[in-house]
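Take a look at the structure set out below.
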Ligand code: BG6
């Protein structure tokens, strides 16, 4: 269990994020004995509900696989209680304080974790109320915050200023849940614990890097919300850029959070803002069979919206290691499959000993089905000297007990409880990330780029293959 005993307050406890991610993650930690049984969890939101309804809320998305899980859930629910209140009323936060004090009297908790699972509009009012009413001298305070962290450089800085006036950077944990994913965490080990990878990880050997996020579902149910942001703010500027950072950064001095984050910021600062020519945008229409509706058919989406639901963008890192190597980020909704992967493609072999060669690739599959595989040339078994592209395959499901892989949120909440910032986004890191994307987002927001319509359930907009080819990607015999 964590070093301190906590009271955990989940703000926005009736919302989707809390139900689908926060409570299941807290339960996962509890079940696996990472959360002290003295911990108390208090949900806070506007909706009025009694304890039974709240328990229903907490349990809704918790998957129970055994009788022990059932029993554990019963015990877990005993740690949970609910307080309803507005997000801007001191009296309501004082009410919350009464509950916190009550539970702390019995638990003796010396630390408080406030988990903000809230819409951006109430973010600052809630932070102010917490600071005023629930911030106790002598208690360790930790605040987990969720994206969106602003809309662009300016609004992100404003938010950082306002939040920074209330809580110290030490107390703030900005979540990017991709940093809690097993294969994303594995990047540090793959790169810095393997001599065979370390020495070729640069522009002399690597031709291009592809980082791809594909989702099968569209924006169903949250089109109106999504429309304000678009896929670049929703996925690329945060999740994919974080992956890029870990693929590209220099080795940190140590695994200490500040050493790691110093290197992440440094590599981001070497990236120039994205150019209009280095972007391809798409928006999904109806599926070929007409069964799935297009993005614009969603009543909550403004008519004629040009918001991209697909984006491909190429970034260049202007440092000694990476100069000239394209990093192609691609992400989209309503595509043919669900998949997140990193594909590092090496340069062609020099010489002409063999015909029909495919390039080497290191592929790191983040999800589904965690895997690392290396595409390499091999002799086709049998008589003759034919080459064949083959995989050196480390699929987790066949090599490891992959049921031990935690949910990203479990891993991150545990880090926050332990005061470890390495997998959270630092303020200057966020700033550097926004600098890369803000100019192109402005161009898009002003309607200067028309997204290409692609059918729901397809591989994405026409032109994607040409786009990646333009940046040097060679399609192998297998993909
Ligand atoms: C969220 C985005 O941050 O990440 C969603 O807002 C997206 O649009 C989700 O679906 C993807 O996360 P995961 O863990 O399901 O890959």
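Each reported figure results from applying straightforward, stated rules to the coordinates on display, with no laboratory input. These figures come from a predicted structure and were not determined experimentally. Reconstructed Cβ throughout: ideal geometry from the backbone, glycine too, with neighbour counts over all protein chains shown.
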| said: Please compute the contact order of the stretch 253-310 in relative form: average sequence separation of alpha-carbon pairs under 8 Å and at least six residues apart, divided by the residue count, as a percent. | reply: 26
| query | Across the stretch 290-346, how large is the tail of the calculated P(r) beyond 16 Å, expressed as a percent of all Cα pairs? | reply | 62
| remark: Computed from the beta carbon distance with a Förster radius of 45 Å, FRET efficiency for residue 380 and residue 220 to the nearest 0.05 stands at 0.45
| Debye log10 I(q)/I(0) at q = 0.08, 0.13 Å⁻¹ for the chain, Cα point scatterers | -0.53, -1.32
| How high is the relative contact order of the stretch 370-409, in percent, counting Cα pairs under 8 Å that sit 6 or more residues apart? | 39
| request: Among 161, 321, rank each residue by its count of other Cβ atoms within 10 Å, from fewest to most, as a rough exposure measure. | output: 161, 321
| request: Determine the gain in length on full extension of the stretch residue 277-residue 194; use 0.36 nm per residue of separation and subtract their C-alpha separation, reporting nm with one decimal. | output: 26.2 nm
| task | Working from Cα positions, state the angle (0 to 90°, nearest 10) between the long axis of helix 257-269 and the longest principal axis of the chain. | result | 50
| query | Taking only Cα atoms, what is the 0 to 90° angle, nearest 10, from helix 120-133's long axis to the longest principal axis of the chain? | reply | 40
| task | For the stretch 1-134, report the translational diffusion coefficient in µm²/s to the nearest whole number, using Stokes-Einstein at 37 °C, 0.692 mPa s, and a Kirkwood Rh over Cα pairs. | result | 219
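In square nanometres, what is the average projected area of the Cα convex hull of the stretch 429-479? Let's see the in-between values first.
Values: hull surface 23.5 nm².
It is 5.9 nm².
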| To the nearest 500 deg cm²/dmol, what mean residue ellipticity at 222 nm is calculated for the chain from DSSP H runs of n ≥ 4 alone, each contributing -39,500 (n - 2.57), summed and divided by the residues? | -10000 deg cm²/dmol
| Contour minus end-to-end for residue 395 and residue 81, with contour as 0.36 nm per residue of separation and end-to-end as the Cα-Cα distance? | 108.9 nm
| remark: To the nearest 10 degrees, the tilt of helix 90-107 (Cα long axis) against the first principal axis of the alpha carbons of the chain is 90
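Given that compact globular proteins tend to follow 2.2 N^0.38 Å, what is the ratio of the alpha-carbon Rg of the stretch 13-66 to that value?
The value comes to 1.14.
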| task | Compute the separation of the alpha-carbon centres of the stretch 1-38 and the stretch 171-233 and state it in Å as a whole number. | result | 25
| remark: Placing each pseudo-label 7 Å from Cα in the direction of the beta carbon, residue 132 and residue 321 end up separated by a distance in nanometres of 4.7
| message | I need the per residue convex hull volume for the stretch 391-449, using only the alpha carbons, in cubic angstrom as a whole number. | response | 201
| What are the radius of gyration and Dmax of the stretch 125-256, computed over its Cα atoms and given in Å? | 18.8, 57
| said: If I model a spin label at residue 352 and residue 170 as a point 7 Å from the Cα along the Cα→Cβ vector, what separation in nanometres do I get? | reply: 6.6
